[in-house]
Amino acid sequence: MSVPKISREIILNKLVLLYGRDRAQNTSKKINELIDRYQKNGASKIPKADYLNEKDVVLITYGDNIQAINKNPLQSLYKFADEYLEQAINIIHILPFYPYSSDDGFSVVDYKKVNPALGDWKDIEDIGQKFNLMFDLVANHISSESIWFKEYLKGNPKYDDYFISVDKDADLSSVIRARTHPLLTRFKRKGEEIYLWTTYSPDQIDINFANENVLLEITDVILFYASKRARVIRLDAIGHIWKKLGTSCINLKETHYIIQLIRAILDEIFPDTILLTQTNVPHKENISYFGNGYNEVQLVYQFALPLLVLYTFYTGDASRLLEWASRIKNVSDKTAFFNVLATHDGLGVVPVKAILTDKEITGIADNVKERGGYISYKTAEDGTKEPYEMNITYYSAIIDSKNSKELNIKKFIDSQAIILSLLGIPGIYIHSLFGTENYLEGVEKTGQKRTINRKRFQYNKLKENLANSDSREHKIFTEFTKLIHKRKSEKAFHPNGKQEVLFLKRGIFSLLRTSPDGKEKIIALHNVTDNIQKFCFTKNQYGLSKKECFDIISEKAINIEKISLTPYQIIWLKIYLF
């Protein structure tokens, strides 16, 4: 089965831009052979009618976050998800589950194997029988313990130019990255000293996409993941994959060509597979990965949200968050935003640098440190160190020691409800489901700041806590999943619906969401303060045709002329349009 002419032309055109005509012709032929191979092995060519909808909610977890007796970690995860999450979560992002040598999975030894300490491909496929799956493509680098790198150091000609050798005295001052260690790492190849590009660590060796054979290898990995039921493929650190001396080496045009090429291939053979780009950059650069709305990724992270929401709750002022949200627009009916407040990494600073002042960012950092968190730094363009991310669990970050346990839980749930109401798809880090506190003992053990929000759970202990109605875990899990169920039942929260920001009061984060067909509306009201917030709507405002309106959270009628929100209360008013 050959590739249709239009796809063939897109693929060839992108390859020409990357490698020139002669190399492109040969590479195009090999890509066609790859596609044929996966098509013969039963690749799906039937796209779903609705790409994404209001029922899509993602859980972000490590493969070993849940550990049960007499089960491997992936089986334990499946056991927990099957018992507790089937009605709330429909996509599970299992963070890198491949053999690795460092960075909690992001220094991959073999892209196509499952880490035997976690389980095997059957365990992944079992989870995929009940949940859609998200896999990571760690495309920028590979482990120093990988076959690729070991053979490269031995001088195996197959791996010539798989990695990026640079003169040790080259001017690399323009390179932007999120680390402070030296960019080049010294190795010996065939007895000769060489310096290789290592963006993230000396163990994570950047691979060379300027070599078309590397592109072919990674394309094969992507198609392999799609064949293994990956509904979403997360392109980790994708912004760094193309290097050009004298540039920032981030978000270069060649990177976009590669993503467009991958999208064209997937659209042909796995059209239901969604690409998510992990680019922790300012909003304008971030949404550039949507391309024209149809030719690059379908999902991009909203990495500004974690610190913007923290700032909102620290100050009790939603105006900055509202102003930011008012600029968020859908790009096409095939794209959506991926809204997160916490991930396995820290809370990124770069995405808010154009939104908050340095003083305001410092204020957030001070609050984070007061709550037991850490600040991580990177090398700025001028060579100085500047904050890159804040390391803390979101529960520990948002709560206030002077508040009661009940009020802190209410405050935390209020913060999480914001990503459930915003335009896009919510992604929930597993620790946010339970309100996990800082894992300080873990930081002491590993010496890594990011360990603070990477605690593992014993299944029986977690189950015991969830069954205890007085526990923090029970209260947060119960309230959080209840909100998720409410969201999933409302078409107004469809990621391709409309979003209008309502500037009502500084203390209230407020949105008007409308379903794609225009028949249903939700007014989402979130009190971001520890004070009562009072205001009123007028009849016929925002489609409110009656004096009373139904709050789907409390399941009570609300007098729109006398609305009063208690501290950190959430109200979602449903409006029916006929």
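For each pair in Lys244/Lys329; Lys40/Lys253; Lys188/Lys244; Lys79/Lys113; Lys113/Lys168, compute the distance between the two Cα atoms and list the pairs where it is over 26 Å.
In this structure, Lys244/Lys329; Lys40/Lys253; Lys113/Lys168 exceed 26 Å between Cα atoms.
For Lys154, go through the aspartates and glutamates and keep the ones whose alpha-carbon is under 15 Å away, minus same-chain ones fewer than eight residues off.
Glu145, Glu192, Glu193
Helix 212-227: angle to the longest alpha-carbon principal axis of the chain, degrees 0 to 90, nearest 10?
That works out to roughly 40 degrees.
In degrees, nearest 10, range 0 to 90: what is the angle between the Cα axis of helix 305-315 and the longest Cα principal axis of the chain?
Once rounded, one gets 30 degrees.
Arg506: net charge of surrounding residues, Cβ under 11 Å, Lys/Arg +1, Asp/Glu -1, itself excluded?
+1
Calculate, in nm to one decimal, what Arg456 and Asp110 gain on full extension: separation in residues at 0.36 nm each, minus their alpha carbon distance.
122.2 nm
Specify which residue in the list Ile60, Tyr78, Val108 is farthest towards the positive end of the charge dipole of segment 53-184, using unit charges on the beta carbon of Lys, Arg (+1) and Asp, Glu (-1), about the Cα centre.
Highest projection toward the positive end goes to Val108.
How big is the charge dipole of segment 498-576 about its Cα centre, in debye rounded to the nearest 20, if each Lys and Arg gets +1 on its Cβ and each Asp and Glu gets -1 on its Cβ?
Dipole magnitude for segment 498-576 comes out near 200 debye.
Where does each of Phe509, Phe337 land when they are ranked from fewest to most other beta-carbon atoms within 10 angstrom?
Phe337, Phe509
Could you tell me the distance between the Cα centroids of segment 519-578 and segment 169-215, to the nearest Å?
With segment 519-578 and segment 169-215 each reduced to a Cα centre, they are spaced 55 Å.
Run the dipole for segment 224-310 about the Cα centre, Lys and Arg Cβ at +1, Asp and Glu Cβ at -1, nothing else charged, and hand back the magnitude in debye, nearest 20.
It comes to approximately 180 debye.
What does the charge count around Val368 come to, taking other residues whose C-beta lies under 12 Å from its C-beta (Lys +1, Arg +1, Asp -1, Glu -1)?
Within the 12 Å Cβ shell, the charges total 0.
Mean residue ellipticity at 222 nm from the helices of the chain, using -39,500 (n - 2.57) per DSSP H segment of n ≥ 4 over the full residue count, to the nearest 500 deg cm²/dmol?
My calculation for the chain gives -10000 deg cm²/dmol from helical runs alone.
What's the FRET efficiency of Glu193 with Lys385 using the Cβ-Cβ distance as r and R₀ = 30 Å, to the nearest 0.05?
0.55
First obtain the Kirkwood hydrodynamic radius of segment 498-576 from its Cα pairs, then insert it into the Stokes-Einstein equation at 20 °C and 1.002 mPa s, and state the resulting D in µm² per second as a whole number.
The diffusion coefficient I find is 170 µm²/s.
Rounded to two decimals, what is the ratio between the C-alpha radius of gyration of segment 311-386 and 2.2 N^0.38 Å?
Segment 311-386 yields a ratio of 1.30.
Looking at Val281, Cys249, Leu235, which one has the Cα that reaches farthest to the positive end of the dipole of segment 233-283 (charges on Cβ: Lys, Arg +1; Asp, Glu -1)?
Of Val281, Cys249, Leu235, it is Cys249.
Among Thr538, Asn527, Gln499, whose Cα projects farthest towards the positive end of the dipole of segment 498-576, with charges put on the beta-carbon of Lys, Arg (+1) and Asp, Glu (-1)?
Positive-most Cα among the choices belongs to Thr538.
Within 10 Å of each residue's Cβ, count the other Cβ atoms and sort Asp120, Asp160 from fewest upward.
Asp160, Asp120
List the lysines whose Cα lies under 19 Å from the Cα of Lys519, skipping any in the same chain that are fewer than 8 positions away.
Reachable lysines: Lys55, Lys486, Lys488, Lys491, Lys498, Lys539, Lys546, Lys574.
Measure nothing but the geometry: give the 0 to 90° angle between the long axis through the Cα atoms of 472-488 and the longest principal axis through the Cα atoms of the chain, rounded to 10°.
90 degrees
Going by average Cβ density within 10 Å per residue, which order do the peptides 549-558, 227-236 take, highest to lowest?
Ranked from most to least packed, the peptides come out as 227-236, 549-558.
From a point 7 Å beyond the Cα of Asp169 in the direction of its Cβ, which residues of segment 235-269 have a backbone N at a distance under 19 Å?
Within reach of a label on Asp169: 245-246.
Assigning unit charges at the beta carbon (Lys, Arg +1; Asp, Glu -1) and nothing else, what dipole magnitude in debye, to the nearest 20, does segment 173-297 show about its Cα centre?
380 debye
Tally Lys and Arg at +1 and Asp and Glu at -1 over the other residues with C-beta under 15 Å from the C-beta of Asp470: what net charge comes out?
Neighbour charge sum, excluding Asp470 itself: -1.
Given a cut-off of 30 Å, name the pairs among Lys482/Lys521; Lys30/Lys71; Lys353/Lys534; Lys130/Lys378; Lys334/Lys410 whose C-alpha atoms lie farther apart than that in the structure shown.
Over 30 Å apart, Cα to Cα: Lys30/Lys71; Lys353/Lys534; Lys130/Lys378; Lys334/Lys410.
The numbers here are math on the coordinates, done by the rules we state, and not lab data. Just so it is clear, the structure is predicted and the values come from calculations on it, not from any experiment. All Cβ positions, glycine included, derive from the backbone under ideal geometry; neighbour counts span all protein chains shown.
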